[in-house]
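Student: Here it is: the structure, laid out below.
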Amino acid sequence: MRSIIHPSILSGTLQIPASKSYMQRACAAAFIKKGKSIIYNAGDSKDDEASLNIIEQLGAKINRQKKVVHIDCNAATPIQSIIHCGESGLSSRMFTPIASLSSNSVQIAGSGSLLKRPFSFFENIFPALNVQIQSNKGLLPLTVQGPLIPNDILIDGYLSSQYITGFLMAFSAANASDKTIVVNNVTSKPYIDMTLDVMKKFGLKTPENNQYQEFYFRKKQVEANTKLVEYSIEADWSSASFIIVAAAIAGTIVLKGLNKNSYQADKILLSVLESANIDFNFRNEDLVVNESKIQPFSFDARECPDLFPPLVVLASYAKGISKIKGVHRLLFKESNRAEALQKEFNKLGVEIKVENDEMIIIGTGKIKEGLVHSHSDHRIAMACSIAALKAEGKIIVEESEAINKSYPDFFKHLINLGANVSLNK
């Protein structure tokens, strides 16, 4: 799909979609819990659907009625020998340890950019957990066969906290007793907090967190929670970040549904707004963001790398030099986001440099019209689209259907807020 976005003035109120990070974790927790769960405000992105499909392939019964999903799981016996994770990095990393709880051989498959992401991590860990593994030279597809037996393990968390999430869930499901997951070089601590929060809400055995360096499962055995769990997915700060930046550039928007006390890492965007002199405030439970004279800023995004794309847009419209740390976290996303952001924003007249682990954006307050490409990356597609809202002319985004991975209503919402957008399929 090719999207054409013209400079526009935005205004209105928007209900932010459900958090896919919470939705996917809730699917995993509901599967592990056993018995019945009801998820309210369920998301409908491709990543959300991937998680629901995975637990169904692993043996759960799913009944979806619009935004409400009923999940019934009584046995961790896969009904299919292949589970497909689509392009979801979280699903693939989280459900691989969960799938290895079974004594059946299960293949973990994916598509698109996920096929290029490294998975050799599991080859170093699984032998200590009674899990056999075969990979495609460190890439998908993987084949695992358990049953996983918890043991003391050491994990390098430098690449992603999503692996940690997978093992925390799997150890809980296996009723780990007097076992410790030790983590070096931990990253994205808020996402670990999110995982532990979901585990508690679903009544799962949850480890003690020793400053994110050790996760200890006590010796006490815990009976499986078979009581009905009803869980509501909160609004997504990651999706909201693009709308917030859009407002700061081109209008006034009221964002509904955001939890200002959320564990979500991208909530820290609020601190960047303050640094960049953005006019925003909470009105009761709603976040109101107004068009502002944007100031250059510096920010450490190592704990929240998904903020890089919208923040590059914000920095582009500031007059001066902005700096964002954590470039190494961008290398194995749906694209190499460091390269993608440099390439596409250079087409729009924005100079971006990378020095060591820092991205330097030389903002002029202006963006040229142009033709850009999403690199099949949902966040690159959305960043380029909101960059157009105050550009010198229209911006055309090729392969903009990439938004479906996380925010399928993105263009619909922009149009409802007053953006001049044409979609050519």
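The values are calculated or read from the model by the stated rules, or taken from the named source; none is laboratory data. Here the structure is a predicted model, which means the values were calculated and not measured. All Cβ positions, even for glycine, are placed from backbone atoms using ideal geometry, and neighbour counts span all protein chains on display.
Student: Please verify whether segment 211-223 includes one or more residues that are in a loop (DSSP other than H, G, I, E, B), acidic (Asp, Glu) and touching a Gly at 6+ places or on another chain (Cβ under 9 Å).
Tutor: Looking for residues that are in a loop (DSSP other than H, G, I, E, B), acidic (Asp, Glu) and touching a Gly at 6+ places or on another chain (Cβ under 9 Å), one finds none in segment 211-223, hence no.
Student: Restricting to segment 364-387, give me the number of residues that are closer than 26 Å to Lys293 by Cα, not in a loop (DSSP other than H, G, I, E, B) and not hydrophobic (A, V, I, L, M, F, W, C).
Tutor: Adding up the residues that qualify gives 4.
Listed here are the residues, each with its yes/no results for (1) in contact (Cβ under 8 Å) with a residue 60 or more places away in the chain; (2) touching a strand residue (DSSP E or B) at 6+ places or on another chain (Cβ under 8 Å); (3) closer than 18 Å to His84 by Cβ.
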residue: Val106; (1), (2), (3): no, yes, yes
residue: Leu114; (1), (2), (3): no, yes, yes
residue: Ile125; (1), (2), (3): no, yes, no
residue: Ser160; (1), (2), (3): yes, no, no
residue: Ile164; (1), (2), (3): no, yes, no
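Residues checked against (1) among the basic types (Lys, Arg); (2) surrounded by fewer than 23 Cβ atoms within 10 Å (Cβ to Cβ); (3) in contact with a strand residue (DSSP E or B) (Cβ under 6 Å, 6 or more places away or on another chain):
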{"site": "Gln264", "(1), (2), (3)": "no, no, no"}
{"site": "Asn281", "(1), (2), (3)": "no, yes, yes"}
{"site": "Asn284", "(1), (2), (3)": "no, yes, no"}
{"site": "Leu307", "(1), (2), (3)": "no, no, no"}
{"site": "Ala318", "(1), (2), (3)": "no, yes, yes"}
{"site": "Ile324", "(1), (2), (3)": "no, no, yes"}
{"site": "Glu344", "(1), (2), (3)": "no, no, yes"}
{"site": "Lys353", "(1), (2), (3)": "yes, yes, yes"}
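Residues are listed down the side, and each one gets a yes or a no for (1) buried (at least 19 other Cβ atoms within 10 Å of the Cβ); (2) touching a Phe, Trp or Tyr at 6+ places or on another chain (Cβ under 6 Å); (3) farther than 19 Å from Ala109 by Cα:
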{"residue": "Ile4", "(1), (2), (3)": "no, no, yes"}
{"residue": "Gln15", "(1), (2), (3)": "no, no, yes"}
{"residue": "Ala29", "(1), (2), (3)": "yes, yes, yes"}
{"residue": "Lys36", "(1), (2), (3)": "no, no, yes"}
{"residue": "Asp48", "(1), (2), (3)": "yes, no, no"}
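Student: From Ala388, Ala383, Ala402, Ala419, grab the single residue that is at negative phi, more than 25 Å from the chain's Cα centre (by Cα) and touching a residue at least 12 places away in the same chain (Cβ under 8 Å).
Tutor: Within the list Ala388, Ala383, Ala402, Ala419, the selection yields Ala419.
Student: If you check Ile62, Ile79, Ile83, which single one turns out to be touching a helix residue (DSSP H, G or I) at 6+ places or on another chain (Cβ under 8 Å), modelled with pLDDT under 95 and assigned to a strand (DSSP E or B)? Talk me through it step by step, then tell me what you get.
Tutor: Details: Ile62 fails: modelled with pLDDT under 95; Ile79 fails: assigned to a strand (DSSP E or B).
Ile83 is the lone residue from the list that is touching a helix residue (DSSP H, G or I) at 6+ places or on another chain (Cβ under 8 Å), modelled with pLDDT under 95 and assigned to a strand (DSSP E or B).
Student: Tell me whether segment 402-411 contains one or more residues that are outside the structural domain of Arg117 (by TED's automatic domain parsing) and part of a strand (DSSP E or B). Working first, answer last.
Tutor: Within segment 402-411, the subset outside the structural domain of Arg117 (by TED's automatic domain parsing) is 402-411.
Keeping just the survivors that are part of a strand (DSSP E or B) gives none.
The answer is no; no qualifying residue exists.
Student: Another question about this same structure. All but one of (1) surrounded by fewer than 16 Cβ atoms within 10 Å (Cβ to Cβ); (2) part of a helix (DSSP H, G or I) hold for Gly349; which doesn't?
Tutor: Among (1) surrounded by fewer than 16 Cβ atoms within 10 Å (Cβ to Cβ); (2) part of a helix (DSSP H, G or I), the lone unmet condition for Gly349 is (2).
Student: Look at segment 285-333 and say how many of its residues are over 23 Å from the mean Cα position of the chain (by Cα) and of a type in the set (Gly, Ala, Ser).
Tutor: Total meeting the criteria: 5.
Student: How many residues are of a type outside the set (A, V, I, L, M), out of contact with any Leu (no Cβ under 9 Å at 6 or more places or on another chain) and more than 17 Å from Glu87 (Cα to Cα) if we restrict to segment 25-74?
Tutor: Within segment 25-74, residues that are of a type outside the set (A, V, I, L, M), out of contact with any Leu (no Cβ under 9 Å at 6 or more places or on another chain) and more than 17 Å from Glu87 (Cα to Cα) number 13.
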